[in-house]
Amino acid sequence: MFYSSFIITVKPLENRVKPIRDLVQIKKQLISVISLCKERGLVHSVKWASELAFALDPLPKDELPPSHLVSEEDVQDLDAFALAKSYFDLKEYDRAAYFLRGCHSKKAYFLYMYSRYLSGEKKKDDETVDSLGPLEKGQVRNEALRELRVELSKKHRAGELDGFTLYLYGVVLRKLDLLKEAVEVFVEATHTLPLHWGSWLELCNLVTNIEMLKSLSLPSCWIKDFFMAHIYTELQMIPGALQKYQSLIEAGFSKSTYIISQIAVAYHNIRDIDQALALFNELREQDPYRIENMDTFSNLLYVKSMKPELSYLAHNLVEIDKYRVETCCVIGNYYSLRSQHEKAALYFQRALKLNPRCLGAWTLMGHEYMEMKNTSAAIQAYRHAIEVNKRDYRAWYGLGQTYEILKMPFYCLYYYRKAHQLRPNDSRMLVALGECYEKLSQQVEAKKCYWRAFSVGDVEKMALLKLAKLQEQLTETDEAAQSYIIYIQEIFSCGEQLEHVEVSTALRYLGQYYFKNKLYDEASLCAQRCCDYNDAREEGKALLRQISQVRDQTETPSGELFVSLSDNNTPIKRVSPLNLSSFTP
Amino acid sequence: MASVHESLYFNPMMTNGVVHANVFGIKDWVTPYKISVLSLLYEMTTSKIALQEKRRLNKLILPLQQGPDLQLGQFLKTVEDCCPQTAFAVKIRLNEMADGELKDMEFFFTTLPNPTFDSEAYKTSVVGLFIRHMLLAYNKLSFSQVYKLYKSLQHYYHMGVPTFVADDSDMDLTSTEVTIGDKMERELDSPLTFCVRNEDPVSRGPLSQKQAEYFLAKQAYLLKNDDNKALRPAKLQEELNNMLKFNPDFAEAHYLNYLNSMRVQDIYISTHSLLHYFDRLILSGSEGKSNGDEGYGRSLRYAALNLASLHCRFGHYQLADLALQEAIRIAQESNDHVCLQHCLSWLYTLEQMKGSDSSVLTEDSVKMAAHFCLPYLASLGIQSLVQQGAVQGKSAHELMDALKDTDILHWKHSLSELIEISLAQTISIWRMYGKSTMAQQQAQLLLNMSSLEPVNFGVTQNNTEAFAVALCHLAELHAEQGLYGGTTEIFKHLKEQFPPHTQHAKLWMLCDLKIQFEKHMNDGKYHLAQPLVPAIRAQNKTEGLYRKAQVLKSLSRTTEAYRILQKLQVHCEKTRCTETIIRVLLSTAELHWESSDFSTGLPLLLQALTLSRKHHLQALASRTLLHLAFTQLMLGVPEQALSVLHEALEPILAHGGIMDKGRALMLAARCQMALVATRPNGREQAAVAIHTLDEAASYFSTLNCKERLRDVRYLQARLHSSLGQTAQRNRCAMLFHLLDRELQTPRAPTDMRL
């Protein structure tokens, strides 16, 4: 067994408490796994491992792992393997399989099976184009899978499969929708060959929730940390993922572009835009010709409306490779930002032609159709996105928006609820739900939604304002005043000035409210602050006049308390006679 | 990072971001089955066939051509039944192709008869069109597609042939006609063909467009009319999932999914499927119409309306109301009067379900529907009005007139569904008025009516609500006459037709419970009746309370019973449930009797009498009269009692239940007894009374109501004794003694009960 030596080198590592420290060992392992994967044509795993190896310090010459042992069988199959590998690299899978059929070495066996699998996949893709009827298109399947499964399961029972063939067996099972068996086999594969990233990645796609993850018994290798971080990101458990990545960086992987990109994506998922942008910029500096994840980057630039940067990115990517899904998405975003929605939709379509299972493109195309007021096409695009991934909250949200535009607030409730279910802590869905309820005159529900939106951390800072306005309408004056107070506090405490803030509205209301309650000092303060805003200046002045009139009449100054605070810039300190903690709508 | 093995495939069905299920506009694709049909046609045109066999084959062509794809074995068997020689020739021809080479198939297509004017397959005939379609579809195939078709033909042939046994010896020409008919019926009509075929794991594959449409149409029809014959919910769901996996754009499947999940009361999936369906429909709507407004907006409106109906079905009235308002708003905005009418009819239905008065709305709806020429909605509205009118005590002839008018409308437009409802409504109204004969006659009319649907998939009797109602009434009518055997039969049928999980099962469940309850009460087995009360209460709260009061009354727990009756009366006055009010009043009066307080009951009885007369409830009115007469008897005015009783006796004997008849006759006899002493012709009176009691006894004995029978014997014995007829007296006394021993319960004082 030619890589038995390789496994032995791994084993002592597993038993250590903090194996991650030993970077030299890791590097050695990476180098050997790279060559193993390369021989077997597992290009993606090679890429991943190489990226990681590149991030570590180079080894001195004498520390390099010895080129692996060659067994008797390998020698026998050497020529056939070399020939087959060359055919394999040229994508002539059947030919490769033909020349490997008599080989006995494990390496050759894997390549033999893998060629047969890929040949089946390729044929399936080709068949899809010329099927005999529209209903037959779903029937097209990889005919080789069943045979492969029979052969591999026989060998599996006999315990003759190595890490790579186990991985292939798992892939075959997954393609046959035997997900439970597939998970078991992948777990076994990670135990036999922990360093093969492909098995971990497949496992990642099969684990659907945290309970399932906990139930798996995985080898405790350093690579498990990468896996955990990755799966936390997939399961939207971003804080956990960030923590994992941080500890990996501290352990010595700070130069890894893979980790940087993953962290950036994680920040994007929790909408920490600035952090994510910074990381992506760093990534582009280190790896200027990278195309992966650039669609996420362009989303961020889009959200921030950074036109020149997005334009630069788009042009750059087109120069690198214009027929990539990511490039098309970036260009689509670019056109969308320039309000050329037809062109944007065209590029998203191109992305989908390149890969119809590209989830983001479906949703983005839906958004473009929405901009073009083509609601039916938008609905179709969103529905496709949901078909690809039922858990795509943006598509559900988009559907909700579409129906809201069609003025069907009750109908869109269902879609918003779906979106909310998927992202319970996202204020945007809650605000949307609240708005719908408000339109349906379900004020109680609406208030609940707005308050909840505020509680989970409102990004757009609109929930409280809406809540306050709703309460104002319902003549719940005290509650409305409370909401306005918290609103003002929120706006000022977050520091940056947002575009759409309506502090003046809040101040105007508060001024009137205090005036009515005969709290003239607070009222005059609010009125003074009103004068800072153009739209409320007149009213502020009028209120001030009223206050002075009333004060002249009553001649009872009572504002000692607030004089000292009046030059304080934040209004938080100046409020409030009401007890904030008792406030619940 | 995308999965390592993610395939990049190009979808040719997609243009402009929209996936078209049908790029070339071709509905027919060449399949191996179609090739078999083509070869059959070829054989028919080329070879000589006897006239009779030819005729049979001709009859076969259309179903073969338009039906779903059959397996080769089935296909050959069908053909063989008509003409074994042709079947053999077809088999040979297919064999040539399948075991030969690709060129044999190509050769076959080139030699196909080209439909022209003079040939047998005329150009525009069904056969001609089919052949031309197939040729066109075949010629459009690319090289690899042709090769694939050939491969699948080989597969098809080798799959079909081993199962096919050419059994010529079995052929009996005289009986073929019958077997063909049977066979075709079985293959085309029974839902089993689909299951059988699809359970076969090898042949199980995607259905073709036509097959799928046929499947959906049939299942939807069965779900509507007789969901026992449709596939089981789980099985149907599986089929639909399978269909959607292969073609996610098949919107109708989502709708059927919605109907199916409604069947099992799954709100979650049904909402999901309904919305999914309309999302898909909106697309196809906009695609069809160039301006996009008509088809597209329309489905939006109906989407909201359907959502309202969904919530209504699940009893979420508030949500239904919101959805309905939305539908109304968008319908108003786009001036869609038809949709608005549908909304209006849902609006009054919803109001009715919520328990508020909606007759004004309904009237408006009827007027508007008539104006827009929507007969269905109009008569639905009228039926709803009739129902409300009946409850509110409108005069009978108005209601019957209205129903008759709508019936004319139904027959004119052959709205079979509404005819059924109308008949069921008539039954209910007659029953309410206490005219059992009329009700029975109408029920028979409905049950014996043959289905009016143009296509029916072997459905002899629908399992719609109307039939359930009719059968329930029939069961109750039988039970009233003491025909418990008939009742059991009817319930057996109901259980088969409406299994417990189905929508209308609740109707017969309640009915069954009520009948059992009545039976136990009549038999005096209160301990058996008591456990039924919670079950009744689960089905219908008001009814449950009423029954509880009755049990308590019989168990002499007077105070509790009285409290419940009071509560019930208040509740029913609020909901305007007249029938229950009257029954409650009668029960309350009976409670007063128990404490020998006859005069207090009088105003209650009079109130009941006015109410029942006002609402034309004859059965209840007669029963009230019975109670009145009894009270008078107890108050010592037997003459008055007798005259009041005579008023009630006739309708009771004509329409009443057997129990009421017995009770009325017994009361009459008691009045006569009371008069014996005062009248000069006392002996004659006594003889008459004995005779009346005899009649009553016969009624009670059919009901097997031993307690009352015992009373009758006692009275008879006394009468005989007063007349000095010792022998008869002793006989009656013996009968009384026997019954008394059997019952073992001490006899309640006869005077105290009716």
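Values in this text are rule-based calculations from the coordinates and carry no lab data. None of the values given here were measured: they were computed from a predicted structure. Heads up, the Cβs are rebuilt from the backbone with ideal geometry, glycines too, and the neighbour counts pull from every protein chain shown.
Rounded if a/c is under 1.5, else prolate if a/b is larger than b/c, else oblate: which is segment B:222-278, with a ≥ b ≥ c the root eigenvalues of its Cα gyration tensor? It is oblate, given that a/c is not under 1.5 and a/b is not larger than b/c.
On a 0 to 90° scale, report how tilted helix A:4-15 is relative to the longest principal axis of chain A, with both axes built from alpha carbons and the result rounded to the nearest 10. Roughly 30 degrees, rounded to the nearest 10. The string of couplings for segment B:614-621 from the Karplus curve (6.51, -1.76, 1.60, θ = phi - 60°) is 4, 9, 6, 8, 5, 4, 5, 4 Hz, one whole number per residue in order, with x for Gly and Pro.
Per-residue 3J(HN,Hα) values for segment A:295-310, derived from phi via the Karplus relation 6.51 cos²θ - 1.76 cosθ + 1.60 with θ = phi - 60°, read 5, 5, 4, 5, 4, 5, 4, 5, 4, 7, 6, 8, 4, x, 4, 5 Hz in sequence order (x marks Gly and Pro). Residues in segment A:347-389, backbone N under 15 Å from the label point at A:R338 (7 Å along the Cα-to-beta-carbon vector): list them, ranges by number please. Output list for this probe position: A:347-348. Counting only alpha carbon atoms, the long axis of helix A:238-248 and the longest principal axis of chain A meet at about 50°. Mean partner shielding of peptide A:369-378, defined as the number of other chain Cβ atoms within 10 Å of each residue Cβ, is 3. If a spin label sat at a point 7 angstrom from the Cα of B:A654 along the line to its beta carbon, the backbone N atoms of segment B:389-408 nearer than 17 Å would be those of B:396-397. Inter-label distance, A:D94 to A:D177: 2.8 nm, where each label sits 7 Å from its Cα along the C-beta direction. Determine the shape class of segment B:349-404: with a ≥ b ≥ c the square roots of the Cα gyration tensor eigenvalues, call it rounded for a/c under 1.5, and otherwise prolate if a/b is greater than b/c, oblate otherwise. Judged from the Cα gyration tensor, segment B:349-404 comes out oblate (a/c at least 1.5, b/c at or above a/b). Subtracting the Cα-Cα distance of A:N205 and A:V24 from their residue separation scaled by 0.36 nm leaves 62.1 nm. Rounded to 0.05, the FRET efficiency of the B:T437 and B:Q387 pair, given R0 = 25 Å and the Cβ-Cβ distance, is 0.65.
Rounded to the nearest Hz, the phi-derived 3J(HN,Hα) couplings of segment A:29-38 under the Karplus curve 6.51 cos²θ - 1.76 cosθ + 1.60 (θ = phi - 60°) are 4, 4, 4, 5, 5, 4, 5, 4, 5, 4, where x marks glycine and proline.
Sorted fewest first by neighbouring Cβ atoms within 10 angstrom, A:Y414, B:Y122, A:Y258 come out as B:Y122, A:Y414, A:Y258. Cβ-Cβ distance of B:I408 and A:S86, R₀ of 51 Å, FRET efficiency by 1/(1 + (r/R0)^6): the value works out to about 0.05.
Suppose R0 equals 25 Å; then what is the FRET efficiency for B:K354 and B:L447 from their Cβ-Cβ distance, rounded to the nearest 0.05? Step by step, r from the Cβ atoms, then E = 0.15.
Placing +1 on the Cβ of every Lys and Arg and -1 on the Cβ of every Asp and Glu, with no other charges, gives segment B:618-754 a dipole of roughly 400 debye about its Cα centre. Packing here is the average count of other Cβ atoms within 10 Å per residue, and on that basis the peptides A:469-482, B:709-722, highest first, run B:709-722, A:469-482.
When peptides B:367-374, B:728-735, B:614-621 are sorted by average Cβ neighbour count within 10 Å, with the highest value leading, the order is B:614-621, B:728-735, B:367-374. The modelled label-to-label distance for the pair B:D597/B:K492, using points 7 Å beyond Cα in the direction of Cβ, is 5.0 nm. Centre-to-centre separation between the Cα atoms of segment A:73-91 and those of segment B:581-637: 104 Å.
Per-residue extension of 0.36 nm, minus the Cα-Cα distance of B:N95 and B:Q65, leaves a gain of 8.7 nm for this segment. State whether segment A:151-222 is rounded, prolate or oblate according to the following rule on the C-alpha gyration tensor (a ≥ b ≥ c being the square roots of its eigenvalues): a/c under 1.5 gives rounded; otherwise a/b larger than b/c gives prolate, and the remaining case gives oblate. Judged from the Cα gyration tensor, segment A:151-222 comes out oblate (a/c at least 1.5, b/c at or above a/b). Estimated at 0.36 nm per residue, the fully extended path between B:D104 and B:L635 surpasses their Cα-Cα distance by 180.6 nm. Sorting the segments A:312-321, B:351-360, B:297-306 by their mean number of nearby beta carbons within 10 angstrom, highest to lowest, gives B:297-306, A:312-321, B:351-360. Relative to the longest principal axis of the Cα atoms of chain A, the long axis of helix A:106-129 makes an angle of roughly 60 degrees.
Distance between the pseudo-spin-label points of B:S701 and A:D126 (7 Å out from Cα toward the beta carbon): 9.4 nm.
Averaged over peptide A:352-363, the number of partner chain Cβ atoms lying within 10 Å of each residue's Cβ comes to 3.
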